[in-house]
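The values are calculated or read from the model by the stated rules, or taken from the named source; none is laboratory data. Since we're looking at a predicted model, the values are computed, not measured. Neighbour counts are summed over all protein chains in view; Cβ atoms, including those assigned to glycine, are modelled from backbone coordinates with ideal geometry. Accessible surface is based on the protein model in full, side chains and every heavy atom, while ligands, DNA and RNA are left aside. Shrake-Rupley method; radii C 1.70, N 1.55, O 1.52, S 1.80 Å.
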Amino acid sequence: MPYTSAMKRVLGGGTTLRNVNVQVASFHDLAPAQQQIIELLRQRHNIRAGRDDDFTVRTQEEIAATATATADVMTGLLAAIAFVSLVVGGIGIMNIMLVSVTERTREIGTRMAVGAHGRDILMQFLIEAVLLSVVGGIIGIITGIAAAKVIAAVKNWPALISLASILFAFFISSLVGVFFGFYPARKAAQLDPIDALRYE
């Protein structure tokens, strides 16, 4: 059957070729075959010397490189979104802890009056900040796993959830708690016991 008839009756489309797949016998024949195809197409399309091609000849390696570059761009965008989310969440934790320090000023003064040191207050509020971020991290991990499973079931996509990525997410959430909780904890630890007890 002529290819024009096959395209018209079997594929239901027009008779214009959009893609042609070519296979070579060996990897060493790839570059010469690509060059010969380019020369043949330029001749058939009547493209004069010095003019750009009106077609594209790509090898499997070039297609794979394009797909890899696209995946890298998507990975970078997702990493940027994740970073912004971490910063916003960390600022939220810091604000919560600052409000907590303000509301518990008298409690801090009482603890210091009965013998608590600055490092004890620091550790108390730092642990609270870490607990906040860890709980949020655990909720995020559970939500992410559930979302991956649902999307995989609905779209029939393979879902790979590694233990290393879960542990890394847990570590990052703990690190966010330490980083953004340190300033409020240090502020609480530096309170003067007398001023703290007088605070209304």
### Task
Filter region 51-72 down to the residues that are over 22 Å from P32 (Cα atoms) and β-branched (V, I, T), then identify the one that is nearest to the chain's Cα centre (by Cα).
T70
### Query
When you scan region 21-31, how many residues do you find that are more than 13 Å from R58 (Cα to Cα) and assigned to a helix (DSSP H, G or I)?
3
### Task
Please work out if G12 is in a loop (DSSP other than H, G, I, E, B), of a type outside the set (V, I, T) and either modelled with pLDDT under 80 or surrounded by 10 or more Cβ atoms within 10 Å (Cβ to Cβ) (or both).
yes
### Members of region 70-106 found to be of a type in the set (D, E, K, R) and farther than 17 Å from R186 by Cβ, listed by number
D72, E103, R106
### Conditions (1) more than 24 Å from F171 (Cα to Cα); (2) at pLDDT 90 or above; (3) touching a helix residue (DSSP H, G or I) at 6+ places or on another chain (Cβ under 6 Å): number failed by V57
(2)
### Query
Quick one: in region 147-159, which of the residues that are of a type in the set (A, V, I, L, M, F, W, C) and either open to solvent by 50 Å² or more (accessible area, probe 1.4 Å) or not in a helix (DSSP H, G or I) (or both) is nearest to F170 (Cα to Cα)?
A159
### Enumeration of residues in region 88-97 that are surrounded by 18 or more Cβ atoms within 10 Å (Cβ to Cβ) and of a type outside the set (A, V, I, L, M)
G89, G90
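Scanning for something assigned to a loop (DSSP other than H, G, I, E, B), closer than 30 Å to Q190 by Cα and either out of contact with any Asp or Glu (no Cβ under 6 Å at 6 or more places or on another chain) or open to solvent by less than 30 Å² (accessible area, probe 1.4 Å) (or both), does region 117-139 turn up at least one residue?
Among the residues of region 117-139, at least one is assigned to a loop (DSSP other than H, G, I, E, B), closer than 30 Å to Q190 by Cα and either out of contact with any Asp or Glu (no Cβ under 6 Å at 6 or more places or on another chain) or open to solvent by less than 30 Å² (accessible area, probe 1.4 Å) (or both), which makes the answer yes.
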### Task
Quick one: in region 160-193, of everything that is in a helix (DSSP H, G or I) and open to solvent by 100 Å² or more (accessible area, probe 1.4 Å), which residue is nearest to R106 (Cα to Cα)?
R186
### Task
Report the residue count in region 40-56 for those that are surrounded by 10 or more Cβ atoms within 10 Å (Cβ to Cβ) and more than 15 Å from R18 (Cβ to Cβ).
5
### Task
Name the single residue, out of those in region 60-78 being closer than 17 Å to N21 by Cβ and either acidic (D, E) or in contact with a Leu (Cβ under 6 Å, 6 or more places away or on another chain) (or both), that is surrounded by the fewest Cβ atoms within 10 Å (Cβ to Cβ).
E61
### Task
Answer yes or no: is there a residue in region 98-109 that is exposed (fewer than 11 other Cβ atoms within 10 Å of the Cβ) and part of a helix (DSSP H, G or I).
yes
